[in-house]
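Below is one structure; the comments refer to it alone.
FYI, it's all coordinate maths here, none of it is from the lab. Computed from a prediction, not measured in an experiment: that's the story for all the values here. Note: ideal-geometry Cβ built from the backbone for every residue, glycine included; neighbour counts use all protein chains shown.
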Amino acid sequence: MFDLDKPSFLSAKLGRRQALQRAAHLTLSGAAVALLAGKDALAADHSAMKGSAEQDVRILNTALGAEQEAVAAYQAGAECGLLRKPTLGLAVQFQGHHKEHADALAATVSKLGGTPVAPKRDYGFPVSSLKSEKDVLQFAAGLEKGAVSAYLGAVPIFADRELAKVAASILGDEAMHWAVLRYALGENPVPSAFVS
Amino acid sequence: MTSRFLAALFTTVVAFTGTTAASRPQGDAARGAQIYERCIACHALKRNRTGPKHCGIFGRRAGGVAGFDYSDAMAASGTVWDSESLDRFLEAPMDAVPGTSMGYDGVKVPQDRADLIAYLQSATADSPLCR
């Protein structure tokens with residue numbers, strides 16, 4: 001994961017920060033582990049309020065389906081041959097994050113007594129309409145922007161506030177992906193003070 | 001005197017609230033296309049994804065896209081999609097269809113909903129958006 005080519009637009013300083021990056025990655029994984037470790041208590045709480053647990057599982061499973069599609073989308077993006085080195089590295093790294101989100105969501109669904117949805121075999125991506133690196137980055141940026149909105153729409157409706165926190169934590173990560181992809185496209189990376 | 005004034009006032013108020021309820025804001029489909037970017041983690045106009053495709057939604061019954069695995073709640077809702085039912089659903093999906101798998105808080109600004117609905121209405125099966 002960390003032999004990624006440094007995106008040139010983020011300046012060469014990034015190279016000296018690889019150790020830091022590695023530490024940040026460990027923290028992230030640590031956070032994901034902690035999120036799941038708390039789920040025994042969550043599961044117990046939920047059995048006491050069954051209806052809202054079922055609703056939370058539905059919300060988690062829908063988010064899981066979208067994350068699985070994002071993993072497949074980055075796979076298609078990486079395999080289409082249009083991404084050059086710096087952006088290819090980004091795609092691989094962001095795909096890794098989406099995998100971590102999917103794993104965390106699936107484990108949480110199971111802990112709460114639900115059945116995690118399975119990834120689809122074919123997502124029917126509009127690959128034929130992707131003709132340049134820019135097209136691929138724009139497609140990815142659109143998905144990441146949509147993911148920010150989706151998690152924003154999930155935060156207020158979880159019955160369990162701990163799950164809302166998990167959603168907000170993922171939202172932050174998706175927003176960073178979106179900003180970096182916009183930057184790679186030469187667009188203003190942070191176009192507004194609020195997301196919607 | 002006072003009671004006549006109150007009666008007149010009452011009539012005015014009823015007439016006024018009557019019109020506001022009946023007239024949702026005019027929608028702008030072009031702006032709706034931008035609002036639709038909030039939906040594209042899960043939806044596309046032309047293909048089923050985590051959520052069902054939207055082409056041809058006006059006049060279709062809820063849960064009506066063949067091959068999409070809807071929640072029981074959506075499949076049994078008995079709703080037919082038009083401006084009014086979409087407005088209600090998109091404001092608060094989980095209140096409008098309790099048990100829906102669309103885990104999303106909703107679009108809270110009436111003008112945003114009107115724009116979004118105008119965009120969905122323009123996505124008829126034979127429109128350029130859907131061909």
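Quick notes on this structure:
- Listed by Cβ neighbour count within 10 Å, with the fewest neighbours leading, A:101, B:54 appear as B:54, A:101.
- Cross-link pairs beyond the 18 Å C-alpha cut-off, checked among A:85/A:134; A:120/B:53; A:165/B:53: A:165/B:53
- Relative to the current alpha-carbon distance between residue A:161 and residue A:134, full extension at 0.36 nm per residue lengthens the span by 5.8 nm.
- In the calculated pair-distance distribution of region A:125-167, the portion above 12 angstrom amounts to 65 percent of the Cα-Cα pairs.
- Vicinal HN-Hα couplings computed from phi for region A:140-145 (Karplus, 6.51 cos²θ - 1.76 cosθ + 1.60; Hz; Gly/Pro x): 5, 4, x, 5, 5, 4
- Amide H contacts under 5 Å for residue B:80, placed H, 5+ residues apart: B:62
- Dipole of region A:55-196 [Lys/Arg +1, Asp/Glu -1 at C-beta], most positive-end residue of A:61, A:142, A:157: A:142
- Residues B:100, B:124, arranged from fewest to most other Cβ atoms within 10 angstrom of their Cβ, appear as B:124, B:100.
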